[in-house]
Amino acid sequence: MTFKSKLIKSLLNTPPLPKKHRQDSDTLLFNTGNTTSENSSEAHKSKLEIEPEVELAVDFSEIRQARLKAEDLAIREAKNRLEAETKAHVAAEARARAEANARMAAEVRIEAETVATEHARARAKAEIIATEEAKKRKTLEAKEKQLTEDKVKTEKEINLLLKAKVQAEASVIKEAHKRVTREAQALDKANATMLAEKKAAEAAIARAKVEEEARLLAHAVAEAEATA
């Protein structure tokens, strides 16, 4: 509702004048119109009749002035009331706008906080994933290092075993060589003994043969002497 329509409604709500005052006003207006059309004799007569009405008109004028003042006061009060209502309405609208702005700001702040929270969660998740990846990488590196160390240790152990095996084989070969040497020496000694025994046997045979020949020769000499 606009200010003009509110003002008209306020004027329409102003209480009307009493019926007697309206009748007096109508009579005064009617008589005033008639006095302009009557002749001077009738005017003199009417003057005597109108004097009470003039007094009534004066009262009506005062009433009318009072009414106008009351209406003016009512208009001012209505205007003040409308201004107050307008100010209150404007204040309410301003308050509503402020509340709406506050709600919008709160929504924006909440949305920003939500986005920040989501970003923080994503960042924390990324950090957790990075930490897990680093942990897995560190674990793999530790396993690789352990495998390398185990491989080196195994190779060392294998080398030691090979060295021990080579040393054992060398010792076996050395012992075999010594045994072969001893066997060769024993064989040489046996051969020498056999050769000495063979020579001794041949010498004994030769000696026996010489002795047999000497015996035969002695027998032949003995027989020759006997015959002679």
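A few points about this structure:
- Close pairs from the range 72-89: first assigned to a helix (DSSP H, G or I), partner loosely packed, with under 13 Cβ neighbours inside 10 Å and of a type in the set (Lys, Arg), Cβ under 9 Å, at least 6 apart: Ala78/Lys9
- You will find that of Ala220, Ala226, the residue that is more than 60 Å from the chain's Cα centre (by Cα), part of a helix (DSSP H, G or I) and exposed (fewer than 10 other Cβ atoms within 10 Å of the Cβ) is Ala226 and no other.
Bear in mind that the values in this text are calculations on the coordinates, not laboratory data. The shown structure was predicted, so the numbers you read here are calculated from the model rather than taken from an experiment. Cβ: placed from backbone, ideal geometry, glycine included. Neighbour counts: every protein chain shown.
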